[in-house]
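*Asks:* If you scroll down you'll find the structure; I have some questions about it.
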Amino acid sequence: MTGYARAQGADERRRWVWEARSVNGRNLEVRCRVPQGFDRLENPARTAAGTRLKRGNVALSLTMTSEAKSKPLRINRDLLAELATLVDEVRKGTGASAPTADGLLRVRGVIEEEKADIVVISALPPSNILRARYEQGQATAYDLAVLYVGLNDKEQALDWLQKAYMERSGGLLQIKGDLIFDPIRSDERFKSLLRSLGLPPS
């Protein structure tokens with residue numbers, strides 16, 4: 001059996017597409033390919049796949065494309081004025097007819113693209129990206145808890161689990177059986193949260 005999934009998103013600067021492909025396998029093997037500069041997304045992506053899949057050969061890929069708009073055009077007025085002077089000299093010397101406006105605009109360099117400010121897009125840490133999505137209502141506190149466990153930041157993971165409890169975040173009732181939380185399962189704060197949810201620690 002094979003599987004395929006695709007998710008996409010965009011902001012004012014870029015568009016991204018995550019794709020996942022899987023084929024049968026006795027064990028779970030997850031490979032991840034991301035653009036240069038986004039390497040920090042690899043481990044959280046593998047961790048997320050590992051919490052939901054038990055076996056198979058899984059290939060994850062991230063594609064990024066720029067959403068930059070085409071640059072506006074402008075007239076190089078200095079060059080155009082220089083051409084007009086030369087045209088006037090040629091007309092007086094030879095009696096040639098004056099060129100049309102569209103003829104002058106066809107001269108290379110008269111019309112050019114405006115120089116845009118260079119924007120350097122840094123590869124933000126995945127926690128910053130997900131926090132931004134959380135603030136926009138596009139991610140939950142539970143999602144951030146999963147991410148921080150994957151990043152081996154236990155304190156942040158527990159803080160976000162507590163926040164997820166306060167917000168009644170989606171997915172919270174899965175924490176008892178979710179293997180991703182094994183690194184913090186023995187922590188007293190985690191056990192207390194389970195009891196608050198009516199899920200006695202095993």
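*Asks:* How do Ser22, Ser61 line up, fewest other C-beta atoms within 10 Å first?
*Replies:* Values: Ser22 21, Ser61 15.
Least crowded to most crowded, the residues run Ser61, Ser22.
*Asks:* With θ taken as phi - 60° and the coefficients 6.51, -1.76 and 1.60, list the Karplus ³J(HN,Hα) couplings across the range 60-66 in order, rounded to whole Hz; mark glycine and proline as x.
*Replies:* Result, rounded to whole Hz: 9, 9, 10, 10, 10, 10, 6.
*Asks:* What full-extension length gain, to one decimal in nm, is calculated for Arg6 and Thr63 as 0.36 nm per residue of separation minus the Cα-Cα distance? Walk me through the intermediate numbers first.
*Replies:* On the way: separation 57, 0.36 × 57 = 20.52 nm, distance 1.10 nm.
Stretched fully, the Arg6-Thr63 segment lengthens by 19.4 nm.
*Asks:* Right, next: State, to one decimal in nm, how far the label point of Arg55 lies from the label point of Gln156, with both points 7 Å from Cα in the Cβ direction.
*Replies:* Rounded to a tenth, the inter-label distance reads 3.5 nm.
*Asks:* In nm, to one decimal, how far is the modelled label at Arg77 from the one at Ala132, with both set 7 Å along Cα→Cβ?
*Replies:* Distance between label points: 3.7 nm.
The numbers here are math on the coordinates, done by the rules we state, and not lab data. These figures come from a predicted structure and were not determined experimentally. Positions of Cβ are generated from backbone atoms using ideal geometry, with glycine treated the same way; all protein chains shown enter the neighbour counts.
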